[in-house]
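*Asks:* Please read through the structure below; I'll follow up with questions.
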Amino acid sequence: MRTERVDLAVVGAGPAGLSAALEASAAGAEVLVIDENDQPGGQIFRHPPRSFRIEDRARLGRDFERGRKLLDAVAAAGIRIENNTAVWNVAPGHLACCSGETAWEVKSDAIVIATGAYDRPVPLPGWTLPGVFTSGGVQTLLKSQRILAGRRVLLTGTGPLNLVLANQLAEAGATVVAVLELADPGVTELMPMLRGPWPLLSDGIGYLMQLTRHGIPLMRGWTLIEARGTDQVTSAVIGKVDRDWRLIKGTERTLEVDTICLGYGLVPSTELSRLIGCEHRYDPGLGGWIPEHDLYRETSIPKVFVAGDGAGVAGSLVAIEEGRVAGLRAAMRLGQINEAAFSGKAALSLQRLRRLGRFRAILDGLSTPRPGLLERMTDDTLICRCEEVSLGDCRQAVKEGAVSLMELKPGLRAGMGMCQARICGPTLVEVLAGLTGQAPETITPFSQRPPVKPIPLAALLDSEAAE
């Protein structure tokens with residue numbers, strides 16, 4: 001089996017991973033970046049396939065240009081990236097990789113885990129109908145293949161992604177019926193944002209101006225109650241909510257749509273940081289369970305660093321600065337630079353992170369899930385789609401004595417399907433907390449075991465033969 005030996009292995013080629021690789025490489029470290037996508041850039045900087053001809057780059061938006069600059073810098077630095085490669089097992093100093101049906105391994109002196117995040121699933125009646133997507137999934141279709149998921153689109157949830165996506169869909173020719181935003185902040189809640197940072201504030205104002213230009217209604221304090229249809233979505237029942245996101249009776253309305261985008265924020269991808277043994281803590285404002293780390297991104301395991309949304313959802317600008325700090329700190333721990341050099345090089349990024357953190361805290365206060373979010377579910381609503389486990393099934397299991405996820409698992413098979421609890425896990429924590437009266441942070445998440453991503457059996461056999 002092929003073995004690569006490098007100073008630093010970076011998992012994830014999004015803004016955090018690429019920024020870490022750039023800084024570590026500039027400091028003299030030999031760096032290898034591993035990513036499961038066809039091209040580097042992550043979700044935020046996702047590009048169309050190389051075979052596509054781009055006639056008007058401006059139409060691809062500001063993120064495309066930002067990403068292009070970062071990707072050009074990585075290419076100029078000669079940093080090697082292994083695309084189309086899954087990291088399916090990890091230990092300190094060792095990564096088990098799979099490219100196609102070929103297993104190989106990386107041995108490194110340090111690791112940066114920059115695996116990003118994925119859409120927060122929010123079950124509700126009708127969410128399994130064809131035509132109901134996550135916002136991130138619809139954006140991926142549009143960015144990577146220029147495919148519209150539908151023609152009459154409703155976006156619902158909270159946070160800036162839905163604003164961005166609504167404009168992208170309108171530019172691509174879809175009719176965006178409305179954007180339903182759960183948060184309905186007052187002026188006093190928004191005033192602190194005026195202190196900046198200006199790039200984020202400018203982005204937000206730009207998104208709102210584009211919505212107005214496209215004639216897209218932004219309905220604050222509204223949410224989706226139910227998706228309706230037989231073979232696919234044909235309509236959506238919406239309603240107004242209070243400050244706890246609970247439905248206000250009598251406000252229900254029905255909209256005719258063929259596509260619904262669910263965008264309720266993101267959940268950090270912590271599979272590798274949990275598997276390698278990093279300590280984690282629960283922070284609902286940052287997406288749930290996140291790895292513990294110091295100011296310089298080093299985890300409880302020496303020379304294992306985390307950066308970007310996989311270490312707490314905070315956006316691409318934060319991810320870039322976290323990646324820079326992680327890369328520099330890894331270079332210092334590898335002996336490529338001394339502490340004084342690290343402090344000088346990392347000072348600006350640490351300063352930016354403090355400023356970005358203040359702005360992000362305001363957004364988190366508006367978008368962190370509130371008690372009413374999951375109250376649209378009925379007993380028939382599926383939570384675990386892989387194993388078809390409903391809210392009613394969970395309620396019955398609790399009545400029979402289940403008080404932990406591991407006690408739900410044997411009888412219901414919750415979390416044992418193809419997605420390995422990525423979809424149902426966050427919801428099951430909240431549901432179990434609500435049914436048992438426990439705090440979410442006291443409920444231990446499902447155990448993480450390899451392979452953390454689906455890989456061909458041939459690759460596993462290849463790996464065993466090498467051992």
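*Asks:* When all alpha-carbon pairs of the stretch 107-208 are counted, what percent fall beyond 21 Å?
*Replies:* 48 percent
*Asks:* Same structure again: Working out 0.36 nm times the residue gap between Arg68 and Thr230, then minus their Cα-Cα distance, what length gain in nm do you get to one decimal?
*Replies:* 54.0 nm
*Asks:* Right, next: For the stretch 35-42, take each phi angle, set θ = phi - 60°, evaluate the Karplus expression 6.51 cos²θ - 1.76 cosθ + 1.60, and give the result in whole Hz per residue in order, putting x for glycine and proline.
*Replies:* Karplus values, whole Hz, x for Gly and Pro: 8, 8, 8, 5, 9, x, x, x.
*Asks:* What are the residues whose amide H is under 5 Å from the amide H of His94, where those residues sit 5 or more places off or on another chain and H is modelled from the backbone?
*Replies:* Ser108
*Asks:* Taking loop as defined by DSSP and a crowding limit of 14 other beta carbons within 10 Å, which GluC sites (Glu not before Pro) in the stretch 89-171 fit?
*Replies:* Answer in residue order: Glu101.
*Asks:* What per residue convex hull volume, in Å³, comes out for the stretch 118-172 when only alpha-carbon positions are used?
*Replies:* Enclosed volume per residue, from the Cα hull, is 88 Å³.
*Asks:* In degrees from 0 to 90, rounded to the nearest 10, what is the angle of the helix 62-76 Cα long axis to the longest principal axis of the chain?
*Replies:* Between helix and principal axis, roughly 20 degrees.
*Asks:* Expressed in nm², what is the orientationally averaged projection area of the convex hull enclosing the Cα positions of the stretch 259-357?
*Replies:* 7.2 nm²
*Asks:* Using modelled amide H (1.01 Å from N, peptide plane; none on Pro or chain starts), what sits under 5 Å from the amide H of Ile383, excluding residues fewer than 5 places away?
*Replies:* Answer set, sorted by chain and number: Val389, Ser390, Leu391.
*Asks:* Can you give the Kirkwood hydrodynamic radius for the stretch 214-311, in Å, rounded to one decimal and based on Cα pairs?
*Replies:* Evaluated over the stretch 214-311, this radius sits at 16.8 Å.
*Asks:* Right, next: Which links in Lys303/Lys345; Lys107/Lys143; Lys143/Lys345; Lys143/Lys453; Lys249/Lys409; Lys143/Lys303 stretch past 30 Å when you go from one Cα to the other?
*Replies:* Lys107/Lys143; Lys143/Lys345; Lys249/Lys409; Lys143/Lys303
*Asks:* Using only the Cα atoms of the stretch 339-415, each taken as one equal point scatterer with no solvent, compute I(q) by the Debye sum, divide by I(0), and report log10 of the ratio at q = 0.13, 0.19 Å⁻¹.
*Replies:* -0.64, -0.84
*Asks:* Assuming 0.36 nm per residue, please report the length gained on full extension of the stretch Ala75 to Glu279 beyond their Cα-Cα distance.
*Replies:* The span from Ala75 to Glu279 would gain 70.0 nm if fully extended.
*Asks:* When you take every Cα atom in the stretch 177-267, what is the radius of gyration, and what is Dmax, the widest Cα pair distance, in Å?
*Replies:* 15.4, 49
*Asks:* What is the mean projected area of the alpha carbon convex hull for the chain, to one decimal in square nanometres?
*Replies:* Averaged projected area of the chain's Cα convex hull equals 22.6 nm².
*Asks:* Each residue of the stretch 333-338 in order: what ³J(HN,Hα) in whole Hz does its phi give by Karplus 6.51 cos²θ - 1.76 cosθ + 1.60, θ = phi - 60°, with x for Gly and Pro?
*Replies:* Taking θ as phi minus 60°, the curve returns 5, 8, x, 7, 9, 8 Hz for the stretch 333-338.
*Asks:* Mind listing the phi-derived Karplus ³J(HN,Hα) values for the stretch 145-153, rounded to whole Hz, using 6.51, -1.76 and 1.60 with θ = phi - 60°, and x for any glycine or proline?
*Replies:* 10, 6, 10, 8, 6, x, 10, 10, 10
*Asks:* Grab the DSSP H runs of the chain that are 4 residues or longer, score each as -39,500 (n - 2.57), total them, divide by all residues and round the 222 nm result to the nearest 500 deg cm²/dmol.
*Replies:* After summing the helix terms and dividing by the residues of the chain, the value is -11000 deg cm²/dmol.
*Asks:* To continue, here is another question. Scaled to the compact-protein estimate 2.2 N^0.38 Å, what is the alpha-carbon radius of gyration of the stretch 137-296, rounded to two decimal places?
*Replies:* In units of the 2.2 N^0.38 Å rule of thumb, it is 1.18.
Each value in this text was obtained by applying a stated rule to the coordinates, not by laboratory testing. Just so you know, these numbers come straight off a predicted model, no measurement behind them. Using ideal geometry, Cβ is built from the backbone for each residue, glycine included, and neighbour counts are taken over all protein chains shown.
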